[in-house]
Amino acid sequence: LGNDGGDFLLRAIGERLRAIVRVEDMVARLGGDEFVVIQTNVADKAQAEAFAHRIIDVLSTVSFFREQEIRSTFTIGVALAPGDGNTAERLLKSADLALYAGKAAGRNCIRFFEPEMDAMLQRRIALEKLLREAVAHDGFVLHYQPVFEMDKKVLVGFEALVRLPAPDGTLMPPDVFIPLAEEMRLIDKIGAWVLHEACRVAKTWPGQLTVAVNLSPAQFDSGMIEAEVADALRESGLAPRRLELEITERILLDNTEAVIGTLGRLKQMGVSIVMDDFGTGYSSLSYLWKFPFDKITIDRSFMESFERSGRHVATVVRTIIALGRE
């Protein structure tokens, strides 16, 4: 609705907030879409929570701008003095941390400050710094998981697995830093580094061994994945037949036809396309006939449950293998 629509909504929210607070309370807009309400003489947490619910009830009323209906959701972070801070800066920071926790939990909710939120923020800030430095200075490392052909009992290749070295010398696995890298929009740069480095290392292996590299949705969204793969192959001198690109169904969900077109052009280069984590997505079967995948990898959850679930998981795994062969 343009700037006028945004200004209208901000004014409407300001007026509603001012209408429900007491004379001695203060309402202010901090900037963007953030407001702050300062109350004194609050008896306890229950009173603050009741007031927060009232704010959401009042603000959630539908607004109309030039006959257009505007519906908004609201997230509230609450800090109480003196426990959560006894200075203006500390109280604002505590409330902001609670607000951030509410947004991370899915928004449209109320969250009270907890001391652990401060520790979590410090860990996040440290990890953000570590990620930026690793992207800028190629600070990641690759480990290579062997892939065996079970019928012949021979090694056929490796899967490249990215790790982030921590300051204490340990290695962080992807599930620790990849979600934050996606949020920071660094994942395409990390993915490009992994692709180039894996191809460079694989070129030094015996000629029959392949290397598998995971691709992220961000690499497809950028529209540069075809050029990136071509560059990695050209710079390394690796034969295309020795490169396998692994994707998850998440990549196919948003723009199936466009992604399948991109996969087709990648396959024309001579690389193999693998569907990763098969069996846990939304419509794996439909993707199998929409695109000629070279391989599927069975999701690890099946293997982790293999011994606990007995023949049930074994039956499913055998069925997936049979399906893949057909």
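Observations on the structure shown:
- DSSP-defined beta bridges in the chain - what % are antiparallel, rounded to 5: 55
- Placing one equal scatterer on every Cα of the chain and applying the Debye formula, the log10 ratio I(q)/I(0) at q = 0.08, 0.11, 0.14, 0.15 Å⁻¹ is -0.58, -0.90, -1.11, -1.18.
- Shape box of the range 1-133 [Cα atoms, principal axes, largest first, Å]: 48, 43, 22
- Rounded to 10°, Cα long-axis angle of helix 2-20 versus longest principal axis of the chain: 50
- Over 23 Å (Cα to Cα) - which of 153/290; 152/290; 153/295; 45/93 fall in this group: 153/290; 152/290
- Proximal charge balance of residue 96 [Cβ under 14 Å; K/R count +1, D/E count -1]: -1
- Across the range 146-236, the volume of the C-alpha convex hull divided among the residues equals 131 Å³ per residue.
- With the convex hull of the Cα atoms taken as the outline of the range 1-67, the averaged projected area works out to 5.0 nm².
- The chain, relative contact order [Cα under 8 Å, separation at least 6], %: 8
- Mean separation of Cα contacts under 8 Å (6+ apart) over length of the range 106-229, as relative contact order %: 21
- q = 0.18, 0.22 Å⁻¹, the range 131-183: log10 I(q)/I(0) [Debye, one scatterer per Cα]: -0.66, -0.83
- Across the range 217-326, Cα pairs under 8 Å and at least six residues apart give a relative contact order of 22 percent.
- Acute angle (nearest 10 degrees) that the helix 115-136 long axis makes with the longest principal axis of the chain, alpha-carbon atoms: 40
- The range 196-244 - Rg and Dmax from Cα coordinates, angstrom: 11.0, 34
- Most mobile of 160, 192, 81 in a GNM of the chain (Cα contacts under 10 Å): 81
- Tail weight of P(r) past 23 Å, computed on alpha-carbon pairs of the range 229-326, percent: 34
- Degrees separating the helix 256-268 axis from the principal Cα axis of the chain, which is the longest one: 30
Each reported figure results from applying straightforward, stated rules to the coordinates on display, with no laboratory input. Just so you know, these numbers come straight off a predicted model, no measurement behind them. Cβ atoms come from the backbone with ideal geometry, glycine included; neighbour counts cover every protein chain shown.
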